[in-house]
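Trainee: One structure follows; several queries about it will come next.
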Amino acid sequence: MMKTRLALGAAAFALMLTCPAAAQEVITTPEGAIMESGASLAYAPGELSDAQLNGNARHLFRQDSANVFRRFPRELTEEMVNFYVGALGLRSLNPIQLTASQQMILTGVGTGQIKLSAGQEGNRLYNLSGGYAGGTGIRFLVLSYPDADVVAARFTEAGFTAPHFTAREDGTAQALVQDPAGMDIVIVVNPEAADHSDDGVGVGIQVSNLDASRAFYRDFVGLDELDPVESTLLGTTLYPYAHAETTILLYKMGDNLPADTGSSGIQYVVADAPYVAAMADHRHVTVETPLNRLRGFDLTTIWLNDPDGVTNYFAQVGPNSRTARGEN
């Protein structure tokens, strides 16, 4: 039987996390959030079998989507909120106050979220010049709607130029726009789509090595590998990897391109973050932020990097978290 941290009683897990004998390392994120890390959070050597360590994280997913982080210069906060909530019509959710100066602004897309985070601190790389073709990393998002006229009216009412839609042979239409901080947004109009992109989101990632990235999202993360598709709008082949409402779209349009590792990242809500951390350690996946608990939040996380440095953030929410209490 698979052994996970869920097998521990809540009281035992809490005791393990607070035991004075277990030394805790304090980590401060570039945005100022305080995390506590230490050996007490992790599985001991030998607790997980080789089969478990060589598997993937799919069976741990606890949300029918992934969340997307979108980081941008702080002075663009008002424009970004107006764009995502006003022009794109995403649902506005209650924000999270991470620190005295750092707020996470949340917008809803189906069961998932696009999280707007003002500030570009730390040593992440930010380079969205050239749009979807200009570099590696997350280069575009895909959002869907049932009515092009409604989308155009929202853009105009929010003070933005209405998108120009191009009809496709399958009866859908599409447009390419940019958010105020330079991220490309592909808007797809399909009469059968839910409004406000409540069917979910696509995340376009340009990669430097298709084989390595496809293996990471298929064999480590555990996303469903779908058939490649040709994008006439972008002029490239997309390799889709899906988890319910979220689809990661991998592609490659050049060599030796500049990297963007900071403008966006991906978050998966999982049942057992220490399990993912053990898998990553066993398979030498690059760790961005070690296994930790976020101070002031009932949240255990491990931040990993895909082969191009894109953050893949696995979050285990406890019973006292906002997510568990249904406050998002």
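The values are calculated or read from the model by the stated rules, or taken from the named source; none is laboratory data. Just so it is clear, the structure is predicted and the values come from calculations on it, not from any experiment. Every residue, glycine among them, receives a Cβ derived from its backbone with ideal geometry; neighbour counts consider all protein chains shown. Just so you know, the surface numbers come from the protein's heavy atoms only, side chains and all, with ligands and any DNA or RNA stripped out. Shrake-Rupley method; radii C 1.70, N 1.55, O 1.52, S 1.80 Å.
Trainee: Quick one: is Leu249 assigned to a strand (DSSP E or B), in contact with a helix residue (DSSP H, G or I) (Cβ under 7 Å, 6 or more places away or on another chain) and under 21 Å from Ala57 (Cα atoms)? Reasoning before the result, please.
Mentor: On the way: assigned to a strand (DSSP E or B): yes; in contact with a helix residue (DSSP H, G or I) (Cβ under 7 Å, 6 or more places away or on another chain): no; under 21 Å from Ala57 (Cα atoms): yes.
No, not satisfied.
Trainee: Pairs only if they're at least six apart or on different chains, beta carbon under 7 angstrom, first in region 67-84 and closer than 12 Å to Thr107 by Cβ and part of a helix (DSSP H, G or I), second open to solvent by 10 Å² or more (accessible area, probe 1.4 Å) and not small (Gly, Ala, Ser); list them, first residue then second.
Mentor: Pairs found: Met80/Pro180; Val81/Ile105; Phe83/Phe160; Phe83/Pro180.
Trainee: Can you tell me which of Arg168, Arg218 is open to solvent by 40 Å² or more (accessible area, probe 1.4 Å), closer than 23 Å to Ala148 by Cα and either within 20 Å of the chain's Cα centre (by Cα) or basic (Lys, Arg) (or both)?
Mentor: Numbers: Arg218 fails: closer than 23 Å to Ala148 by Cα.
Just one listed residue meets the conditions, Arg168.
Trainee: So which residues in region 85-129 are of a type in the set (Ser, Thr, Tyr), part of a strand (DSSP E or B) and open to solvent by 30 Å² or more (accessible area, probe 1.4 Å)? Give the derivation first.
Mentor: Step one: of region 85-129, the residues of a type in the set (Ser, Thr, Tyr) are 92, 99, 101, 107, 111, 117, 126, 129.
The next check asks that each one be part of a strand (DSSP E or B); those that pass are 92, 107, 117.
Of everything in region 85-129, just one residue is of a type in the set (Ser, Thr, Tyr), part of a strand (DSSP E or B) and open to solvent by 30 Å² or more (accessible area, probe 1.4 Å), namely Ser92.
Trainee: Confirm whether Asp260 is open to solvent by less than 20 Å² (accessible area, probe 1.4 Å), modelled with pLDDT of 95 or more and within 14 Å of Asp308 (Cβ to Cβ). Reasoning before the result, please.
Mentor: On the way: open to solvent by less than 20 Å² (accessible area, probe 1.4 Å): yes; modelled with pLDDT of 95 or more: yes; within 14 Å of Asp308 (Cβ to Cβ): yes.
Yes: the conditions hold for Asp260.
Trainee: How many of the residues in region 226-273 are over 25 Å from Gly122 (Cα atoms) and not basic (Lys, Arg)?
Mentor: Within region 226-273, the subset over 25 Å from Gly122 (Cα atoms) is 226-255, 270-272.
Now narrow it down to the ones that are not basic (Lys, Arg): 226-251, 253-255, 270-272.
Counting residues in region 226-273 that are over 25 Å from Gly122 (Cα atoms) and not basic (Lys, Arg) gives 32.
Trainee: Out of Pro274, Pro290, Pro240, which single residue is at pLDDT below 95 and not in a loop (DSSP other than H, G, I, E, B)?
Mentor: Working: Pro274 fails: at pLDDT below 95; Pro240 fails: at pLDDT below 95.
Exactly one of Pro274, Pro290, Pro240 is at pLDDT below 95 and not in a loop (DSSP other than H, G, I, E, B), namely Pro290.
Trainee: Which members of region 168-183 meet the condition of being in a strand (DSSP E or B) and more than 14 Å from Ala87 (Cα to Cα)?
Mentor: Within region 168-183, the subset in a strand (DSSP E or B) is 173-178.
Within region 168-183, Ala173, Gln174 meet the criteria.
Trainee: Is it true that Asn82 is touching an Asp or Glu at 6+ places or on another chain (Cβ under 7 Å) and open to solvent by 50 Å² or more (accessible area, probe 1.4 Å)?
Mentor: Working: touching an Asp or Glu at 6+ places or on another chain (Cβ under 7 Å): no; open to solvent by 50 Å² or more (accessible area, probe 1.4 Å): yes.
Here the answer is no, as Asn82 does not meet what is asked.
Trainee: Restricting the search to region 119-171, which residues are modelled with pLDDT under 95 and touching a Pro at 6+ places or on another chain (Cβ under 9 Å)?
Mentor: Gly119, Gln120, Glu121, Gly122, Asn123, Arg124, Gly171
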